[in-house]
Amino acid sequence: MADTRRPVAVVTGGSRGIGRAVVNRLAADGFDVAFCYRSRPDAAAKVVAEAGAAGATVVAHRADVSAAHEARALVAVAEARLGPLSTLVTCAGVVRDRPLARMSDQDWDEVIRTNLDGTYHVCRAAALALMRHGGGCILTLSSVAAAHGSAGQSNYAASKAGIVGFTTSLARELGRFGVRSNVVAPGLIDTDMTAELPGAAKASILDRIPLRRPGSPEEVADLVSFLASDRARYINGQVIGVDGGLIL
Ligand code: NDP
């Protein structure tokens, strides 16, 4: 008998910004989705309602990805509620922008623990599940800052460069188990994260974008949707930008 179950995706940081658009897009694509948030249950509840309207089962779970046991619990809850995992998208991330001379150890640690350790924790839990089920897809969120640096964001750029090395290693390790691993590298995207940027900094970035505008979370979700689909079945170990040409 044909398997009529919907594929299952886990999205970290799905309550706001890019993660929210990814949850909505994957739900519209036919996935059931479990996502985590850290501190805003109100925002998470809205995403459950809007993504659920597409007919998907959508589960919000509070988990801080920087804690290994919470990341493991997220994957376990997703599988218990929705079934075998097929796709992971790691969107949870933070910035603590400061020039190096004024950066505190706490600024450094929070960014590395959330962005890099958090990606590791969730991927580790999900990779075991994906290998058990005979394959799937891992998508991590990096940034143009990984390859090109960003003044005042050395902690953030280091975390995002780490994600590139980490994910391409997974592509080599897990490919033989049918698991594809790719990196999405956005430029300037209109979310709460970039709303914190000082006006002059934002204007200077916009000036360098050939398309002369920031991207939307939905434009990043379009790329995620493609990479998570069977149309991308031979794409593995790539870093794919969605930045309006910012890095040219
Ligand atoms: P937002 O600040 O808009 O949203 C961040 C999301 O991550 C929220 O859902 C937040 O949940 C969640 N989150 C933060 N920390 C944790 C944690 N420790 N555990 C679990 N969830 C957490 O960010 P964006 O949507 O802008 O960014 C999404 C990703 O894309 C990030 O990795 C970011 O680095 C990357 N990116 C963004 C760019 C941009 O221009 N916006 C550019 C390049 C990359 P809660 O609200 O509950 O805390």
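The values are calculated or read from the model by the stated rules, or taken from the named source; none is laboratory data. Quick caveat, the model's predicted, so the values are computed rather than measured. Cβ coordinates were reconstructed from backbone atoms using ideal geometry, including for glycine residues, and neighbour counts include every protein chain displayed.
Flag not set for A221, criterion: more than 14 Å from the ligand (Cβ to nearest atom) and on the phi < 0 side of the Ramachandran plot. For region 27-49, the set of residues classified as of a type in the set (A, V, I, L, M, F, W, C), touching a strand residue (DSSP E or B) at 6+ places or on another chain (Cβ under 7 Å) and either away from the ligand (no atom under 15 Å from the Cβ) or not in a helix (DSSP H, G or I) (or both) consists of A27, F31, V33, A34, F35, C36, listed by residue number.
Taking the condition over 20 Å from V10 (Cα atoms) and assigned to a helix (DSSP H, G or I), does T114 pass? Steps first, answer last, please.
Values: over 20 Å from V10 (Cα atoms): no; assigned to a helix (DSSP H, G or I): yes.
No: the conditions fail for T114.
Taking region 1-26 as the search range and keeping residues that are within 13 Å of K46 (Cβ to Cβ) and of a type outside the set (G, A, S), which one is farthest from the ligand (Cβ to nearest atom)? For region 1-26, the residue satisfying everything is N24.
So how many residues does region 99-111 have that are surrounded by fewer than 16 Cβ atoms within 10 Å (Cβ to Cβ) and more than 16 Å from the ligand (Cβ to nearest atom)?
Start the filter on region 99-111 by keeping residues that are surrounded by fewer than 16 Cβ atoms within 10 Å (Cβ to Cβ), which leaves 99-102, 104-106, 109.
Within this subset, residues satisfying the condition of being more than 16 Å from the ligand (Cβ to nearest atom) are 99-102, 104-105.
Qualifying residue count for the region: 6.
Put simply, of A51, A9 the only residue that is under 20 Å from L130 (Cβ atoms), modelled with pLDDT of 95 or more, crowded, with 24+ Cβ neighbours inside 10 Å and out of contact with any Cys (no Cβ under 6 Å at 6 or more places or on another chain) is A9. If the condition is being within 13 Å of the ligand (Cβ to nearest atom) and closer than 17 Å to A27 by Cβ, then region 75-92 contributes V89, C91.
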